[in-house]
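Enquirer: Just passing along the structure, written as structure tokens.
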Amino acid sequence: MGQTARSGPVGVILSVDPDRFAQVVEAARRVGLTVTGEQPILGSLSGTIREGRIPVLEAVDGVESVDREQIVRLPPPDAPG
């Protein structure tokens, strides 16, 4: 119990400037992003970062948007309800 939003990394998907993809990826890593996927042609990047670092990530030059990955957790089949 007592878990807070600061606990672990959250999955994020970034839209970045495709013309500066490599530079933006490097800058995102410097502020704490762990890169898990890169789509340079689409200007899309996925990774994980601590919740509290998301505003810093959004402020990186060349980052157009940061969206949380939607992780859907299904209840176990024997769960009531």
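Enquirer: Taking the structure as given and computing percent of Cα pairs over 22 Å apart, which label from (1) 31; (2) 23; (3) 42 fits?
Expert: (1)
Enquirer: Next question, about the same structure. Defining a contact as two alpha carbons under 8 Å apart and six or more residues distant in sequence, what relative contact order in percent does the range 18-68 show?
Expert: Relative contact order for the range 18-68 comes out at 35 percent.
Enquirer: Here's another thing I want to ask about it. Over the chain, with the other protein chains present, what is the accessible area per residue in square angstrom, probe 1.4 angstrom? Please list the in-between numbers first.
Expert: Numbers: 5710 Å² over 81 residues.
Here the per-residue accessible area is 70 Å².
Enquirer: Ignoring the sites themselves, what is the longest stretch of the chain with no trypsin sites (Lys or Arg not before Pro) in a DSSP loop and at most 12 other beta-carbon atoms within 10 Å? Intermediate results must be reported in sequence, preceding the final value.
Expert: Numbers: sites that count: Arg6, Arg73.
Longest run free of exposed loop sites: 7-72.
Enquirer: In addition: According to a simple spin-label model (label point 7 Å from Cα along Cα-to-Cβ), what is the distance in nm between Gln23 and Thr48?
Expert: Going by the 7 Å Cα→Cβ label model, 3.0 nm.
Enquirer: Assuming 0.36 nm per residue, please report the length gained on full extension of the stretch Glu38 to Glu69 beyond their Cα-Cα distance.
Expert: Taking 0.36 nm per residue and subtracting the Cα distance, the gain is 9.7 nm.
Enquirer: So, counting K/R as plus one and D/E as minus one, what does the shell of residues with Cβ under 14 Å around Gly37 add up to? Could you put the intermediate results ahead of the total?
Expert: Numbers: positive: Arg29; negative: Glu38, Asp67, Glu69.
Net charge around Gly37: -2.
Enquirer: So who's got an amide H within less than 5 Å of the one on Val10, skipping anything under 5 residues away but keeping other chains? H placed 1.01 Å off N, in plane.
Expert: Correct list: Ile49, Arg50, Glu51.
Enquirer: To the nearest 10 degrees, how steep is helix 21-30 against the longest Cα principal axis of the chain, on a 0 to 90 scale?
Expert: Taking the Cα atoms of the chain, the angle to 21-30 is about 60 degrees.
Enquirer: In addition: Quickly estimate the mean residue ellipticity at 222 nm for the chain, helices only: each DSSP H run with n ≥ 4 gives -39500 (n - 2.57), and the total goes over all residues, rounded to 500.
Expert: Numbers: 2 runs with 15 residues, N = 81.
When only DSSP H runs of four or more count, the value is -5000 deg cm²/dmol.
The values are calculated or read from the model by the stated rules, or taken from the named source; none is laboratory data. Every value quoted in this text rests on a predicted model; they were computed, and no experiment measured them. Here the Cβ is made from the backbone with ideal geometry for all residues, glycine too, and neighbour counts use every protein chain on show. With ligands, DNA and RNA removed, areas are computed over all heavy atoms of the protein, side chains included. Shrake-Rupley method; radii C 1.70, N 1.55, O 1.52, S 1.80 Å.
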